Amino acid sequence: MIYHIPWIYLPVRTALAIWHQLTKSEIPELAKASVLMRDRSRVEETIQAMQRAGPDALQVISDFDMTLSRFAHNGKRCPTTHNILDNDLLINDACKKMIRQLLNTYYPIEIDATRTVEEKLPHMVEWWTSVHELLIQQKIRRDLLAQAVKQSSAMLREGYKVFFDRLQEQQVPLLIFSAGLGDILEEVIRQNHVFHPNVHVISNYMDFDQSGVLRAFKGQLIHTFNKREGALLHAAHFRELQERPNVLLLGDSLGDLTMADGVAHTQHALTIGFLNDQVEERKESFVNSYDIVLVKDETMDVPNAILNYITTAPAK
Ligand code: TMP
Ligand code: MG
C-alpha cells in the first residue's frame, strides 16, 4: 500500500506553483479558457528551454489552411486555398458544383473522430485527385489567380502580421507546409505583405504550359495525411532548417503533427493545434496529441506570445 506523505511533496508542489505563476505572468495568454494543455509543466519547461537556446536555434513549421488562415469570420466560413478557385473567373458552374459536392462528401471524413488515419487515407487521395483533375479540365489561367485571391474572402488569422514580421525580424525560418495549393497560398501571403525572405513553402504547385494554362500538378501529391512523406522528401533540402534543433509547430489537423518529421535532430518541440470544428468530438484526441490546443480561437495571440517570449533574451 502507498502512503501519501504530503509534507515530503510540499517543496516540489510549491516550486511547481511558483513556476506556473512565472509563466502565467509572463505569458498570460496561456491562462485563457480557450487554451487546453495535457501537461502544463512540460509546456512551460519546453518554452523556457527554447528561450534559453534563443532564436538562432528555432524554426517554425506551420500548416496553412485553417491554421495561418482563418476558419471563420463573423460566423461565415473562410475559404481554403482550393476554395478560393470557386470563382467565375476560373471555373464554370458545373465544375463549382462538383467541387462543392466533393467537399461535402470528403471534408466530414477528414475530420471524423471515429475513423483512423489509415481508413481516411484512400478517401483523401480520391478527394485531392478528383479536384485536381477537375481543375486541369477547366484550363485555369495563371494570370487570373491574383485577381481571384483579391476577390475572395480569404483572411489570415488576426495577429498574422505580428507573427510573420517577428519571425522575419529575428531571422527565424518559417516553413509553411500545406496540402492546399502553393500558387494560391503564395498569392495570399503576398497580398497580405508578409511573404518575407525567411518564408519557405512546401505545397501542391500548378504546372502551366507555355501559354500560362494549367496542364498538371507538379511533384508528389500532398494531402492532409501524407505530410510525413512530404517532410522526409522535401524538408531535408532546406539546410538552414536542419541546423535548427528547436521546432514550434502549428496545425489544425492530427496529420499536421508529422510536418516536423524531416528535421533530423530535434531538441525541443512544441506543438500548437487549432481546434476549429467538431470541438467536442475531437477535443480528447487533440489534447492527447498537441501540447497546446486552441479552441475556436481565430487569433495568433497565443503563438505570438510564445514566440515573443522565446525570442526575447532571458532576464539576467
Ligand atoms: P492545409 O494542409 O494547408 O490545411 O490544406 C488542406 C486543407 O484543404 C484540408 O483541410 C482540406 C482542404 N480542401 C478543401 O477545402 N477543398 C478541396 O477541394 C481540397 C482537395 C482540400
Ligand atoms: Mg489545415
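Points worth noting:
- In this structure the amide hydrogen of LEU156, modeled in the peptide plane, comes within under 5 Å of the amide hydrogens of ARG70, none closer than 5 places in sequence on its chain.
- Plainly put, region 132-186 has a radius of gyration that is 1.07 times its Kirkwood radius, both from alpha-carbon atoms, as the Rg/Rh ratio.
- Semi-axes of the equivalent ellipsoid of region 74-151 are 25, 15, 10 Å, computed as sqrt(5λ) over the eigenvalues of the C-alpha gyration tensor in descending order.
- Relative contact order (%) - the chain, alpha-carbon pairs under 8 angstrom, separation at least six: 28
- Computed from backbone phi with θ = phi - 60° and the Karplus coefficients 6.51, -1.76 and 1.60, the 3J(HN,Hα) list for region 169-178 is 4, 8, 6, 9, x, 10, 9, 9, 10, 10 Hz; x is used for glycine and proline.
- Cα-projected label distance for ASN308 with GLU118, points at 7 Å along beta-carbon direction, nm: 4.5
- For region 141-299, share of DSSP beta bridges that run antiparallel, in % to the nearest 5: 20
- Förster-model FRET efficiency, 30 Å R0, ASN104 and ALA33, C-beta, rounded to 0.05: 0.40
- Mean projected area in nm² (Cα convex hull; one quarter of hull surface) for the chain: 19.1
- Positive end of the dipole of region 74-151 (Cβ unit charges, origin at the Cα centre): among GLN137, HIS123, TYR107, the Cα lying farthest that way belongs to GLN137.
- Counting DSSP beta bridges with both ends in the chain, the antiparallel % (nearest 5): 30
- Using 0.36 nm per residue and subtracting the Cα-Cα separation, the extra length available between SER130 and GLN242 on full extension is 36.8 nm.
- Sum of side-chain charges, ASP297 neighbourhood, beta-carbon under 10 Å (Lys, Arg +1; Asp, Glu -1): -1
- For the pair LYS150 and ASN288, the difference between a 0.36 nm per residue extended length and the Cα-Cα distance amounts to 45.9 nm.
- Inter-site label distance for LEU89 and ALA53 at 7 Å from Cα along Cβ, in nm: 4.2
- Proximal charge balance of ARG141 [Cβ under 12 Å; K/R count +1, D/E count -1]: 0
- Rounded to the nearest 20, the size of the Cβ-charge dipole of the chain about its Cα centre is 360 debye, with Lys and Arg at +1 and Asp and Glu at -1.
- Restraint check, LYS32/LYS316; LYS227/LYS283; LYS76/LYS120; LYS76/LYS96; LYS161/LYS283; LYS96/LYS296, Cα-Cα greater than 24 Å: LYS32/LYS316; LYS76/LYS120; LYS161/LYS283; LYS96/LYS296
- Counted charge near GLN267, where neighbours are those whose Cβ lies closer than 12 Å (Asp, Glu -1; Lys, Arg +1): +1
Where a number appears in this text, it was derived from the coordinates with a stated rule and is not lab data. Since the structure is predicted, the reported quantities are computational estimates derived from the model, not experimental observations. Virtual Cβ from ideal backbone geometry, glycine too; neighbours counted across all protein chains shown.
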